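Student: Below is one structure. I have some questions about it.
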């Protein structure tokens, strides 16, 4: 009977977030009008290439590649067009087409709707990306069943929140730290309650995870200033300024990026500790609050070691070529770690790891308060009053928030 009730409650949550996901998907970002209405994007099959004006110097290619394409969709489907692919010698941005490739083609139109310019902008990858997403979704549902389906929904909802809420609000000039904290709080709640259900375990996981993210936020605010780091070191940050958004605070965007990047691992660890404590309390009915908290600490210690290393690997993979470039030139370690690009990654890794370490004790303490019922006279059990449940995490939240935003 209890499992049936839980399923109905989960199904209701899933239905709510399905509706919210659909609304988010349909919601405009407010920046669609910046795209010219006289351009059309289509898929194009490469029929022929002309490399006579392409000059090669080792791995570097410069010049112009002529490309003949057949449009595969849209109002010009079936038409053969010719375009130009300029090569600037930038290996990270240049693309070279071959016969048989599928390209994303941007067609410029005049007032009469006729094609005036053909730009084979990139290799078309959307089809493969959707195929890969489908494989991932299938594997998740086959392995995880109902829980996997809820996890997939939380994945989709998170992506929509980042694209439709976080990024547009940042571009519109809202405080990046505050809006990021709000978005992370919503996503933490959605993910935890979809996976764990609207249960005490979900409350514990949410509380511990958000307190861990808040800790990372406070650390990022302080050490970004102490490191003399500015947000212009992030990829494509100058491009945002040149696109007409010179009033954006890139340093605050960097701070937000630090704790957003760590939030996924923080949620994972919080759920591990909360699930272990919930299982322990359900099996050992006479456990005391102190025993439950101690057990939560032990679980946290066992998990946090590998999680911190996982975070290190995740971050280091993004800047491995940077370290290789310095090592290849024989740059001393003192120079390496004082270089701003390396310092920003060190800050990101250590601040994220600090929040990850703190989430285990936070979750254990909240778990002891929420999961263990109050013992009455004669062994009777009563649920704690909600004010008492949230008293300790509430005080911790208020203390950290006062430090962050004073």
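The values are calculated or read from the model by the stated rules, or taken from the named source; none is laboratory data. All values reported here derive from a predicted model rather than from experimental measurement. Positions of Cβ are generated from backbone atoms using ideal geometry, with glycine treated the same way; all protein chains shown enter the neighbour counts.
Student: Among 361, 393, which is the only one that is in the same structural domain as residue 203 (by TED's automatic domain parsing), crowded, with 19+ Cβ neighbours inside 10 Å and modelled with pLDDT under 50?
Tutor: Of the residues listed, the single one that is in the same structural domain as residue 203 (by TED's automatic domain parsing), crowded, with 19+ Cβ neighbours inside 10 Å and modelled with pLDDT under 50 is 393.
Student: Could you check region 237-248 and list, in sequence order, the residues that are part of a loop (DSSP other than H, G, I, E, B) and surrounded by fewer than 16 Cβ atoms within 10 Å (Cβ to Cβ)?
Tutor: 243, 244, 245, 246, 247
Student: Looking only at region 197-236, count how many residues are part of a helix (DSSP H, G or I) and farther than 17 Å from residue 369 by Cβ.
Tutor: 17
Student: Which one is surrounded by the most Cβ atoms within 10 Å (Cβ to Cβ), of the residues in region 249-293 that are within 28 Å of the chain's Cα centre (by Cα) and farther than 30 Å from residue 317 by Cβ? Write out each step before concluding.
Tutor: Initial filter on region 249-293 (within 28 Å of the chain's Cα centre (by Cα)): 249-278.
Subset that is farther than 30 Å from residue 317 by Cβ: 277-278.
Numbers: 277: 29, 278: 21.
Here the residue is 277.
Student: Here is a check on your reading of the model: is residue 309 within 26 Å of the chain's Cα centre (by Cα), closer than 30 Å to residue 192 by Cβ and modelled with pLDDT of 80 or more?
Tutor: The answer is no for residue 309.
Student: Related question: Quick test of your reading of the structure: residue 152 fulfils all but one of (1) modelled with pLDDT under 90; (2) within 15 Å of residue 260 (Cα to Cα). Name the failing condition by number.
Tutor: Status for residue 152: all satisfied but (2).
Student: Exactly one of (1) at pLDDT below 90; (2) more than 29 Å from the chain's Cα centre (by Cα) is unmet by residue 97. Its number?
Tutor: So residue 97 meets the others, but not (1).
Student: Testing residue 398 on (1) part of a helix (DSSP H, G or I); (2) modelled with pLDDT under 50; (3) surrounded by 13 or more Cβ atoms within 10 Å (Cβ to Cβ), one condition comes back false. Which one is that?
Tutor: Every condition holds for residue 398 apart from (3).
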